[in-house]
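Written out below as structure tokens is the structure these notes cover.
Since every read-out is calculated from the coordinates, none of them should be taken as a lab result. It should be emphasised that the depicted structure is a prediction, and the values quoted were computed from it without experimental measurement. We place every Cβ from the backbone using ideal geometry, glycine too, and count neighbours over all the protein chains shown.
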Amino acid sequence: MALTGVGNGRALGRNIAILAAASFFTDVASEMIYPLLPIFLSTVVGTSAAALGLIEGMAESVSALWRIPAGWWSDRIRRRKPFVVAGYAIAAVARPMIGLAQSTGQVMVIRLTDRFGKGIRTAPRDALIADSVTPSQRGLAYGIHRAADSLGAVIGPLVAWVVLTAGWVDLRTFFLFALIPGAISVVLVLGFVHERRPATVAAPVVAHGEASVRRQPAPLVSLGTPFWRFLIAVFVFTLGASSDVFLLLRASQLGVPTPLLPVLWAALHVVKSSSTAIGGALSDRVGRRPLILAGWGVYALTYLGFAVATATWQAWALFMVYGLYFGLTEGAERAMVADLVPASVHGTAFGWFNAAVGLGALPASAVFGVVWQGSGAPAAFLMGAGFAGVAALLLLFAVPPLSSSATPDARTAR
């Protein structure tokens, strides 16, 4: 089973196809639940907007805390697959348990367990994707993987809409069915993904700008000045990137009926799925930085739109535009991480990248919820747009463009 790279004719290989399929089924399981979670918590459990932001922020931050050691350890033992399998398995079991929760505290524990599974699998999985393709295919590979992820996020909400609209089961019982697609993802990775040994460098230390990278680094090793500058820009952006549950709450405020929220969520992911592979492949051709800058600009404009929106149709339109942000950035950002460091430290680099995104989620979602509750939704969305603008300026002026021939892997091979 292979996927063919657009423009270069090279097959991406079985690992990319299977990891994409596993991500698809995982997101079917996750997104069956996610668009219903804010309504479930606020109406059934009685959770406030501030508490909802705290739960989502804590969940993502717990996930982030495990991404650095998991990525580093996968570099050290030069194995990615065990982390990926364990992470998918933990999440597959924990996620459906939300249907049994009776309190906000129980939901928090379940979400933390789910995100722990995500934390230990994410960096090794992203590193395994980089290990499985050539540098010139990275944008496309990550784009296809994220497209499959987004396609799962189309199917999951549609399943929720059909089942709940038909009244076949109640909301609590429906959550339990998320176990089925989650289990399929575990079987796929366990049975069909093959380990790809990370490339080693010819010398114990590889020069990289003002710093150096050792073959088996500690988690705090310097990965090079360009990488850390890029990471700072990503972190600043993340401080304004609150949980998407707030977008769903805003859509509800603007008049989107509860039964249609899963449909709105699915429509968003149709745009994401159809644009992510194209955006990733485009970053292979024109560079990562222009795509990321364009995506962050779309994000800022979308949040400005949510701040001033007054009609239901505007919520639908803004969700569609929001999907383009993911298409422009998801493949390009991950490919840029792989471009900036040698292959022998991909796990560590992806650990830090995913940790920056996750650690920024706690203050982002918590502060967003507090601002929403204290000053209203428009003020919260204006704040998010401001952070995106600052991050774009940092990326533009602090991180130089990096061509594929200038990547650490290419320099090492010379």
Relative contact order of the chain, defined on C-alpha pairs under 8 angstrom at six or more residues apart (%):
28 percent
Let me have the 222 nm mean residue ellipticity of the chain computed from DSSP H runs of 4+ only, each contributing -39500 (n - 2.57), with the sum over all residues rounded to the nearest 500.
-25000 deg cm²/dmol
Just from the alpha-carbon atoms, what are the Rg and Dmax of region 84-155 in angstroms?
15.2, 50
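Which semi-axis lengths, in whole Å and largest first, follow from the square roots of five times the eigenvalues of the Cα gyration tensor of the chain?
Computed over the chain, the values are 33, 24, 20 Å.
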Using the number of other C-beta atoms within 10 angstrom as an exposure proxy, rank Val109, Val345, Val193 with the fewest first.
Val109, Val193, Val345
With label points set 7 Å from each Cα along the Cα-to-Cβ direction at Val270 and Met320, the distance between them in nm comes to 0.9 nm
Two-decimal Rg to Rh for region 243-322 - Kirkwood Rh, Cα set:
1.03
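Using the Kirkwood formula on the Cα atoms of region 52-131, what hydrodynamic radius do you get, in angstrom to one decimal?
About 12.8 Å for region 52-131.
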Ranked list, fewest to most other Cβ atoms within 10 Å of each Cβ, for Lys81, Lys118
Lys81, Lys118
